[in-house]
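**Q** The structure's right below; bear with me while I get my questions together.
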Amino acid sequence: MIEGWIHPAERALTRFATGELEETARARLARHLARCARCRGRVAFQRDLKAAVGALQGPPASAALLARIHDRLSREERVILPVADAVALPTWWRQRAAVAALVAAGAALWFLWPTAPLTAGDSLGELTFSPAAPRAGEAVQVAYRAPTTLAGRDRLVLRARYRTPRDESYNSGLRQIVAAELRPAGDRVFRASLRLPDSVVYAVFAVEDAAGRIVDGNAHRLWELIVHGRDGRPTLDALEQRQHDLMGRNWEQGYETARQIAALYPDRVATWSQLLFYEKNVLGASHMDSALAGHRARLKAFHDKLAPRASLSADDLGYMFWYALGVDSLLERYWKARLAREAPRSPFAAQNRAGDIWFRLWRDKDSLRALADMDRLWDDVGPAHGNVVNLGWRVAQVARDSAALLRWASRYLSMNRGDSLWIATVFTGYPTLRSEGMRLLRQQLRGLETPNSTRALERTVDEQRVVDAASARQILVALGDALVANRQTTAGLDTLNLAVREGWDVALFRRVAQIQLSTGDTAGAVRLLGLVAADPATEGWSRDSVRRFTGTSIDSAAWERLVQESRGEMRRRLLDLATRRHLPPDVRLEAAVGSAARFDTLTRGRVTVVAFWSRYCGPSKDELPALERMTARLQRQGVAVVTITDERISDDLRRFLTEQKLTFPVYADAWREASRAFSQWGTPAYFVLDADGVVRFQYRDLDRVPAEVAALQ
Amino acid sequence: MPALGPRIPFDSERLDDATLVERLRNGDLRALDDLFHRHAHSLLGVAYRLTGSAADAEDVVQDVFVGLPVALRRYAERGSFAGWLRTVTVRLALDRMRRRERRREIPLDSTVERDAGDSSAAGADVRWELERALATLPDALRAVFMLKEVEGYSHAEIGQMLGIRRGTSEVRLHRAIRTLRRVLGDQG
């Protein structure tokens, strides 16, 4: 038919796309579109365009804008609005008005809630320094008023972590030193003097008894010294090191520090880029809406100042790029391009280059090319940025190339010494690398006892022992697995037996039992299976299951006795691992649009499971059905369950819950108070609280929750 | 299983638009804040898409809220307040575009130039391309395009608002789309 081959007028296509063609013409055009890719493309273009333009957002509804409105109102300015002969609302708008009002209501709630007060725990003793704001290299007098637990000793130990301007974020690689011995000076007061090394700009301290069994770490906040300059202000290096030290330890104080830097050193791009980083992480998206306008204006001012300069430092280029990221996409591209051109070997650019290679691998699935690109990048930039080795090591794993794995592992370890267990475990999965992996594991096992120099300041010697024991179990499991895979079954079994002696890992118990059976150690296997049956997560494990599993028979009374004993064993082992962390009061959650709930009223007097989840996080989403099943069971036992999601309560979220058949109680961390209280920044994460509301267990593993609840009930 | 614990209603959240409007009419300026937090975001979007300038959008929305206490005296509660507010915003934005036309101002945001050295991520930044393309539209075409395609008004309604004939509105929409297709490089 010829009508299919004559292109319709463009206006007709436009009207087709807007749904304004009358029925006959519409049907005729639809027939044409079925055959004509060109015209189909035009209609699709118009529809895509409509969607894309509709998604364009205006400037943020900032507090500054509201302030200007009030300012004009207070000056009694008059604006006559064009409200006469109102045009009727467009149809679709009338339909959506109710929904939009609901969404806007949620936004209003977000803005209106007062900022949460920062929380702080109670300290036991009190450590003071004189001068409190020392210069570099200055002598400092220390006085410590001891709590009853530490009073009456003939000496106390002042431990410290010193930081110099070049030290990195987080505290994993840093050594702790004994800064001074505190001697009694009467009335529970201890004194010492110390001199800060010239290079030290920031230091944190804790006080402990001589054996390291009682530690006063100022309720995990530690005490600190910040080196000041001649002008009496904290030096930039000192504040930056404070920020690095607080990373992962106390986000709130990190944010406070970023604000302090912004107040004292506002002329650097890095200052604002870092402040933005903290605002995003600590305050969340709600506050960002109002903060972004200020950042856009400041970014623009920096851009206007720096862009015309032909020569800029790698730091300026890098921080301009980081600052623009998420604030202004146009400037982000501009500075990314300049960074790549002008400082290609700088840490910022090296990270971007590694990211681009990783992205191409993900897109093209060409792991050999990606590996060659990563090696070339390493030759060019070396250990410029941690993400170069992180991604290189991951590319080598995707490529499954043993030589590359060895090469990248050694590069990786040169920058991340703490992660050798991970490297070793990956190695044991490759037959050609297994013996190297086992060598690394044994080496780690030998070096496991943590020396005092790396024991965390706020951790006692006993707490460190628990941590070390857990690391040892992990290494033993990896080593035992590797030995069994290497057909050294007896040695593997002995190693695994060491790993199952303490701790609580049902999957490991079952696996070791299986290996024991294969070697004829039925008694050992039955003992472990008793532990498996004691765990509430393995409901349904009965002596029949054991018979099916082991092929041996055990009488009812003996089995019941074994399971009963194993329950006691489980409780003991789990409580050995438990912590005690008090939560601040007044943590609020959003219960539904327009209502808030206080966290403690949800939990009081009951053992409580808290689950942080996100439907946008794959692993977290996968566990939601299991969480739903577990909730029903726990609630029958009188356990409170509080699940906290990372988005606001909305109709869309409700639809998601209905579609997924999820009925557990859902709250939103609308003010980030829960994340802060739990020091929790990822999903999934599960916490078990005792009946007093104290956090006793925290894991990323849902399967452990029923056993932990049972241990606390 | 009943819901866990009591739910504490948030005071201002219980108030609907009608209550806030009534409060504002009675001179309670805190109600203006509540209405701002509730509606300003979407109104800024409407004004920005129409005027193509963040500064103009802010000015328009400022005017809307500054004029609101007085305008509410004449506001008859027919239909949704949010819709009424949106219509007022559209009218103010159009008015601003007309005045800008007379002064021959070009919205600031359209003067942004692409960095010549950065062609590696071509096509990645859709927003940038889109805003650049929209900036090439004369205000007369831009207004019709936004009102029809984004705000959802009919050609008859647009004609009434802009003081043009219905057919003119249709022609302008068609021309706007043709221009955008050309600028955005869609050859289809």
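**Q** Could you tell me the relative contact order of the stretch B:124-188? Use alpha-carbon pairs under 8 Å, at least six residues apart, and round to a whole percent. Spell out each step's value before the answer.
**A** Working: 44 pairs, mean separation 23.8, N = 65.
It comes to 37 percent, rounded to a whole number.
**Q** Ok, one more. For the protein assembly as shown, what is the charge dipole size about the Cα centre, in debye to the nearest 20, if Lys and Arg each add +1 at the Cβ and Asp and Glu each add -1 at the Cβ? Numbers along the way, then the final one.
**A** Working: 132 positive and 113 negative charges, 361 e Å.
About 1740 debye.
**Q** Would you kindly derive the ³J(HN,Hα) couplings of the stretch A:520-526 from the backbone phi angles with the Karplus curve 6.51 cos²θ - 1.76 cosθ + 1.60 (θ = phi - 60°), listing them in order in whole Hz, with x for Gly and Pro?
**A** Taking θ as phi minus 60°, the curve returns x, 8, 5, 4, x, 5, 4 Hz for the stretch A:520-526.
**Q** Sticking with this one: Only bridges with both residues in chain A count here: give the DSSP antiparallel percent, nearest 5. Could you put the intermediate results ahead of the total?
**A** Working: 48 of 57 bridges.
Antiparallel bridges: around 85 percent, rounded to the nearest 5.
**Q** Hey, can you grab everything whose amide H is under 5 Å from the amide H of residue A:614? Only 5+ residues off in sequence or another chain; H modelled, so Pro and N-termini drop out.
**A** Residues meeting the criterion, in which the H sits 1.01 Å from N, are A:621.
**Q** Please list, in chain and number order, the residues 5+ apart from residue A:643 or on another chain whose amide H is under 5 Å from its amide H, with Hs placed from the backbone.
**A** Here the answer is A:611, A:667, since their amide H atoms fall under 5 Å of that of residue A:643.
**Q** Along the charge dipole of the protein assembly as shown, Cβ charges K/R +1 and D/E -1, which of A:504, A:58, B:150 sits furthest on the positive end?
**A** B:150
**Q** Let me ask something else about it. With no solvent and one point per C-alpha, what does the Debye sum give as log10 I(q)/I(0) for the stretch A:183-264 at q = 0.17, 0.18, 0.26, 0.27 Å⁻¹?
**A** Result of the Debye calculation: -0.83, -0.90, -1.28, -1.32.
**Q** I've got another one for you. Going from the alpha-carbon gyration tensor of the stretch A:126-248, what semi-axes, largest first and in whole Å, does one get by taking the root of 5 times each eigenvalue? List each step's numbers first, then the result.
**A** Working: eigenvalues 125, 55, 25 Å².
They are 25, 17, 11 Å, listed from largest to smallest.
**Q** Right, another one. Specify which residue in the list A:630, A:269, A:162 is farthest towards the positive end of the charge dipole of chain A, using unit charges on the beta carbon of Lys, Arg (+1) and Asp, Glu (-1), about the Cα centre.
**A** Most positive-ward Cα: A:269.
**Q** What percent does the relative contact order of the stretch A:212-263 come to when contacts are Cα pairs within less than 8 Å and at least six residues apart? Intermediate values should be presented prior to the final figure.
**A** Details: 27 pairs, mean separation 12.4, N = 52.
The normalised contact order for the stretch A:212-263 reaches 24 percent.
**Q** Rounded to whole Å and sorted largest first, list the principal axis extents of the Cα atoms in the stretch B:124-188.
**A** 38, 20, 17 Å, listed from the longest principal axis down.
**Q** Looking at the stretch A:588-712 only, what percent of DSSP beta bridges run antiparallel? Nearest 5 please.
**A** Here the antiparallel bridges make up roughly 60 percent for the stretch A:588-712.
**Q** For the stretch A:338-345, what does the Karplus curve 6.51 cos²θ - 1.76 cosθ + 1.60, with θ = phi - 60°, yield as ³J(HN,Hα) per residue in whole Hz, taken in order and with x for Gly and Pro?
**A** With coefficients 6.51, -1.76 and 1.60, one gets 5, 4, 5, 6, 9, 9, x, 9 Hz.
**Q** Taking other Cβ within 10 Å of each residue's Cβ, how do A:683, B:179 sort, fewest first? Let's see the in-between values first.
**A** On the way: A:683 22, B:179 18.
With the fewest neighbours first, A:683, B:179 line up as B:179, A:683.
**Q** For the stretch A:474-489, take each phi angle, set θ = phi - 60°, evaluate the Karplus expression 6.51 cos²θ - 1.76 cosθ + 1.60, and give the result in whole Hz per residue in order, putting x for glycine and proline.
**A** With coefficients 6.51, -1.76 and 1.60, one gets 4, 5, 4, 4, 4, 5, x, 4, 5, 5, 4, 4, 8, 6, 9, 4 Hz.
**Q** Quick one: if you take sqrt(5λ) for each eigenvalue of the C-alpha gyration tensor of the protein assembly as shown, what semi-axes come out, biggest first, whole angstrom?
**A** On the way: eigenvalues 620, 257, 206 Å².
Square roots of five times the eigenvalues give 56, 36, 32 Å.
**Q** Arrange the following residues from fewest to most other Cβ atoms within 10 Å of their Cβ: A:630, A:415, B:161, B:146.
**A** Values: A:630 24, A:415 15, B:161 19, B:146 27.
Starting with the residue having the fewest Cβ neighbours, the order is A:415, B:161, A:630, B:146.
**Q** Here is a follow-up. Within the protein assembly as shown, what is the number of lysine pairs with alpha carbons under 21 Å apart, leaving out pairs fewer than eight places apart on the same chain?
**A** Working: A:50/B:148; A:280/A:300; A:280/A:336; A:300/A:336; A:305/A:336; A:621/A:661.
Lysine pair count for the protein assembly as shown: 6.
**Q** Where the centroid of each part is defined by its Cα atoms, how far is the stretch A:566-640 from the stretch A:1-72 in Å?
**A** One Cα centre to the other: 48 Å.
**Q** A follow-up question, please. The stretch A:190-218 to the stretch A:137-187: how many Å between their Cα centroids?
**A** Here the answer is 1 Å between Cα centres.
**Q** Just need the relative contact order of chain A here, percent rounded to a whole number, with Cα pairs under 8 Å and 6+ apart.
**A** Values: 959 pairs, mean separation 59.8, N = 713.
Once normalised by length, the contact order is 8 percent.
**Q** Let me ask you something else. Per residue, how big is the convex hull of the stretch A:2-51 when only Cα atoms are used? Give it in Å³.
**A** Numbers: hull volume 3.3 nm³, N = 50.
Roughly 65 Å³ of hull volume per residue.
**Q** One quarter of the convex hull surface, Cα atoms only: what value does that give for the stretch A:587-683 in nm²?
**A** Details: hull surface 23.7 nm².
Mean shadow area of the hull around the Cα atoms is 5.9 nm².
**Q** Whole percent per 5 Å bin, from 0 to the bin with the longest distance: what is P(r) over all C-alpha pairs of the stretch B:16-107?
**A** Per 5 Å bin, starting at zero, the Cα-Cα P(r) for the stretch B:16-107 comes out as 3, 14, 26, 23, 16, 10, 6, 3, 0 percent.
**Q** May I pose another question? By how many nm would the segment from residue A:168 to residue A:310 lengthen if fully extended, with 0.36 nm per residue of separation less the alpha-carbon distance? Walk me through the numbers before you get to the answer.
**A** Numbers: separation 142, 0.36 × 142 = 51.12 nm, distance 3.01 nm.
Result for the pair: 48.1 nm of gain on full extension.
**Q** Where does each of A:181, A:208 land when they are ranked from fewest to most other beta-carbon atoms within 10 angstrom?
**A** Values: A:181 13, A:208 24.
In order of increasing Cβ crowding within 10 Å: A:181, A:208.
Throughout, read-outs are computed from the coordinates displayed, never taken from laboratory work. If you're wondering where the values come from, they're calculated on a predicted model, not measured in any experiment. Please note: Cβ atoms are built from the backbone with ideal geometry, for glycine as well, and neighbour counts cover all protein chains shown.
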